[in-house]
1. With the structure loaded, tell me whether Val240 is in contact with a helix residue (DSSP H, G or I) (Cβ under 9 Å, 6 or more places away or on another chain) and over 30 Å from Lys8 (Cα atoms) or whether it fails that test.
2. Is it true that some residue in region 445-458 is surrounded by fewer than 20 Cβ atoms within 10 Å (Cβ to Cβ), acidic (Asp, Glu) and in a strand (DSSP E or B)?
3. Among residues belonging to region 193-221 that are in a strand (DSSP E or B) and among the basic types (Lys, Arg), point out the one that is least open to solvent (accessible area, probe 1.4 Å).
4. List the pairs whose first member sits in region 284-306 and is under 30 Å from Lys172 (Cβ atoms) and in contact (Cβ under 8 Å) with a residue 24 or more places away in the chain, whose second member is in a strand (DSSP E or B) and of a type in the set (Ser, Thr, Tyr), and whose Cβ atoms are under 7 Å apart, counting only residues at least 6 apart or on separate chains?
5. So His41 clears everything in (1) closer than 13 Å to Tyr86 by Cα; (2) open to solvent by 40 Å² or more (accessible area, probe 1.4 Å); (3) assigned to a loop (DSSP other than H, G, I, E, B) except one condition, right? Which one?
6. For region 86-94, state whether one or more residues are free of Cβ contacts under 8 Å to residues at least 12 places away in the same chain and either in contact with a Lys or Arg (Cβ under 9 Å, 6 or more places away or on another chain) or open to solvent by less than 10 Å² (accessible area, probe 1.4 Å) (or both).
7. Would you mind telling me which numbered condition in (1) assigned to a loop (DSSP other than H, G, I, E, B); (2) more than 18 Å from Lys117 (Cβ to Cβ); (3) open to solvent by 10 Å² or more (accessible area, probe 1.4 Å); (4) not hydrophobic (A, V, I, L, M, F, W, C) Tyr224 fails?
Amino acid sequence: MANFSGNKIRHAMAINGQIPAPTLYFTEGDTAVIRVHNLMHHETSLHWHGLLLPNKEDGVPYLTTAPVRPGATYTFTFPLKQSGTYWYHSHTMLQEQIGIYGPIVIQPRKKIFATDKDIVLLFSDWTNEKPGSVLKTLRRNDPDNEWYAIKKGYPQSLDKLLQHRSWGERVKWGFKRMPPMDMSDVYYDKFLLAGSPRLDLSKYKPGEKLRLRVINGSASSYFYLQYAGGKMELIASDGVDVQPVKIDRILIGVAETYDFLITVPSAGTYELRATSQDVASHASAFIGKGDTTYAPDVPRPNVWKMDAMMTDMSVNFPGKMSHNMKGMEMDNMDHMDRGNMDMKMDKDSGEMKMEDMPADTMPGMDMKQDTGHNMEHMDHAMQEPDKSGFVLFNYDMLKARSKTAFDKDKPVRKVDLKLTGNMYRYVWSINNKMLSEADKILVRRGEVVQFVIENTTMMNHPMHLHGHFFRVLNKNGDYSPLKHTLDVPPMSTVTIEFAADEDKDWFFHCHILYHMMSGMSRIVHYEGSKRDTALASFPLKKLIDEEKMWFFYGSIAAKSHMSELQANYINARNAFRAEVNANYDGQYEANVSYERYIGDWFRPYIGFSTLRQQYYNLFTGKQTFEQDFDLPVLGVRYTLPFFIDADLRVNAKGRVRFELDGEQWLLPRMFFNWRVNTDKEYHLDLEYMLARKISLSGGYDSRYKWGGGLLVRF
């Protein structure tokens, strides 16, 4: 049982009775022997994030390693070929969110940087919800889906849009069926550092040089890191030492690690703060003794200005963003510095691209190139501060300590990968296919493999490749840095390359847990290799089908004039839906259907309906009832701009009905719902959220007239 938020005790999963799990310390050249005893009632797994190890020790259940069954023990044994800061976590379902994660520190045989102390700082996010409930909330299309934005103070309601003068922009994006912007899918109750929102590091002596090993071990949160004591000296990224660079602020993607050098101040206490990307809250470490100096606040994002938000989310690749401008107007791009951009038309796609100007024309840059046009040297201009001296980190500041370029004689395989998704339905994919729908990415041993990753979505995606380090092709050419996890900003294109020197299957996925579990992953397969025989009784289908999990949700309303029930049982491509409404005089209508998504918005369906209506008999002068039962009912549903659902159906008697329904977010807790059809029926309803699961609901129905009452979501 855990109570990290201070106001709710809930079930968690722990390793050796603690969250985060114990730090594992090794020395480069050792052989790691780790025995995992599963004392839970659930199967589990452990992945050694960023470590180069034999395929069968990688820890992805059903892909590389057998899951650890309840009551069983699995012994991992692998040589340690590297040094640096890494971490480990469960790769089973959503276990990482509720506690199964911990740090790894591998000391080098020979130290490069002289330090007095090593400090491991693992940041994470904590929710009082069950992770399965979080994912269900993200999949819903009702006010419950907006609860996280309300809790963060970022409701995309009409009043806020008018207040921020962004109504026109919302109309533009709504017409393109783009949901409101968000920098983080989930509302978290706490952000933690070593299991606490506040860490006291006052025990270290003034003048001591500390190596801070910073790990973003969150399930889905990016963090801005900033130190009140001045610039941080960045010396390693993803466990690999780099040429030192001094910075003021860095955006750390999920699953990335960075090492920094900090000197304990001679007097006073200084805050090292990790602020969530959505600036909802933070976790902090306090270094030194005496009066406290706090780190500067990160400005809250203006989520109502979607165009500007995309730029704000791309700090790790400023200027390098090869923005896909298809369908995007430039009239709202004035906030961008066009002086450093060159607009070009892509001949193949016909799309406008914003590309960097040549390095020698960029102000503040002094790049020296070798004869192969690779930038082998980077002077201090690469970390050129702004007018105030503030240095915001970006990937171009990462420069390897030695050349990382591959032999030019090696064959190169280029793989184009588009990060795709539907935020409205919360389905994430690569090349518009989820893991279960896609072929493996085939590579051949001995090749250099290039992944050209284009992010077509409005969210950052931290992409992680198991079992390999890749070169991030930045402005440093032959000295481009090595990483295992890379932030790919919204609407940008990034190229990475790696040596195909392994075998079998390796996982490649977005490290936002809920994106991975919703389909944004692939399997990299070495051509000709066979699956390990130890996995014979552990079918790969078990991993592939994780994204197909089903969710049940809906609402029930009891009002003065009618009652309503809506129930949905859905997964990524299929949905069973039921809608029932009735008054208290015996009238009712019930519709039940099964629909199949073809693409993002179109879904044919089959179902049945039953109807009992009251009407006035002119001959008898009395009210009477008419019963009708339709089986089957065939139809199609399609989501129009502004997320208006269109429903065209025909019953067995050839009777056709067309219906439209939609929703408008009026105030932070108030929604207007409407429905109209060709039977001249219409329904208008206002819903005010009293709490996450309970709303006041009232309005007018053409059959049941006026009324109101309570609505409960489940």
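The values are calculated or read from the model by the stated rules, or taken from the named source; none is laboratory data. It should be emphasised that the depicted structure is a prediction, and the values quoted were computed from it without experimental measurement. Virtual Cβ from ideal backbone geometry, glycine too; neighbours counted across all protein chains shown. Note: areas computed on protein heavy atoms with side chains; ligands, DNA, RNA excluded. Shrake-Rupley method; radii C 1.70, N 1.55, O 1.52, S 1.80 Å.
1. When the stated conditions are applied, Val240 does not pass them.
2. Checked region 445-458: at least one residue is surrounded by fewer than 20 Cβ atoms within 10 Å (Cβ to Cβ), acidic (Asp, Glu) and in a strand (DSSP E or B).
3. Initial filter on region 193-221 (in a strand (DSSP E or B)): 193, 196, 198-201, 209-216.
Narrowing further to those that are among the basic types (Lys, Arg): 198, 209, 211, 213.
Values: Arg198: 144, Lys209: 75, Arg211: 25, Arg213: 5 Å².
If we take residues in region 193-221 being in a strand (DSSP E or B) and among the basic types (Lys, Arg), then Arg213 is least open to solvent (accessible area, probe 1.4 Å).
4. Val298/Tyr224; Val298/Thr275
5. (1)
6. Step one: of region 86-94, the residues free of Cβ contacts under 8 Å to residues at least 12 places away in the same chain are none.
No: zero hits.
7. Of the numbered conditions (1) assigned to a loop (DSSP other than H, G, I, E, B); (2) more than 18 Å from Lys117 (Cβ to Cβ); (3) open to solvent by 10 Å² or more (accessible area, probe 1.4 Å); (4) not hydrophobic (A, V, I, L, M, F, W, C), the odd one out for Tyr224 is (1).
Yes/no matrix, rows are residues, columns are (1) of a type in the set (Gly, Ala, Ser); (2) touching a Pro at 6+ places or on another chain (Cβ under 7 Å):
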{"position": "Gly17", "(1), (2)": "yes, no"}
{"position": "Glu28", "(1), (2)": "no, yes"}
{"position": "Leu39", "(1), (2)": "no, no"}
{"position": "Glu43", "(1), (2)": "no, yes"}
{"position": "Leu46", "(1), (2)": "no, no"}
{"position": "Arg69", "(1), (2)": "no, no"}
